[in-house]
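A short worksheet on the structure shown next.
The values are calculated or read from the model by the stated rules, or taken from the named source; none is laboratory data. Bear in mind the structure is a predicted one, so any value in this text is a computation, not a measurement. Ideal geometry is used to build each Cβ from the backbone, glycine not excepted, and the neighbour counts take in all protein chains shown. Note: accessible area is taken over every heavy atom of the protein model, side chains too, but ligands, DNA and RNA are not part of it. Shrake-Rupley method; radii C 1.70, N 1.55, O 1.52, S 1.80 Å.
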Amino acid sequence: MSGKSSEALLDAVFSRATTHFSTYFPFKGCGQVLRVGATCDLFGGKGEPVAAAPIRVLAVGGHSFTFLALPGHPEGAGRTITFTFVVKGGQLRLQVSAQGKPGLLSEPSLDVGVVTQTWGPYATRGLRSMFTGG
């Protein structure tokens, strides 16, 4: 994939991911358009609460968006979580990183694979469905 086509793919995926946010993101509560400064209470895909997971949208742009975990979020208040769309080896990929003091559930969720179970499907099926309709 050339640099220009990689950039075009990133632009298209990022635009769709942030303007149809609740359609593709695995947790609901932020609405369709992701906006800087918005405060959201995240819920699971079927509308059930996700252990009171409030966040604030800190940044949207540059093929990434960043959330600030607010008090009560399982990652721990004050922790930032960044989702970055990249092309590596000719493939679209999602990188998820968190910074700040971990909350009580941060490390255990890594140990039992919750991170992989949540973000793996978003990175594969969710992003792919943006363009296949399924």
Close pairs (8 angstrom Cβ cut-off, 6 or more residues apart or separate chains): exposed (fewer than 14 other Cβ atoms within 10 Å of the Cβ) in the range 82-96, assigned to a loop (DSSP other than H, G, I, E, B) anywhere
86/63; 90/1
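Residues are listed down the side, and each one gets a yes or a no for (1) modelled with pLDDT under 90; (2) touching a strand residue (DSSP E or B) at 6+ places or on another chain (Cβ under 9 Å); (3) at positive phi:
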residue: 27; (1), (2), (3): yes, yes, no
residue: 31; (1), (2), (3): no, yes, yes
residue: 34; (1), (2), (3): no, yes, no
residue: 37; (1), (2), (3): no, yes, yes
residue: 49; (1), (2), (3): yes, yes, no
residue: 65; (1), (2), (3): no, yes, no
residue: 72; (1), (2), (3): yes, yes, yes
Matching residues, the range 55-78, being open to solvent by 20 Å² or more (accessible area, probe 1.4 Å) and in a strand (DSSP E or B)
56, 58, 59, 60, 61, 64, 66, 68
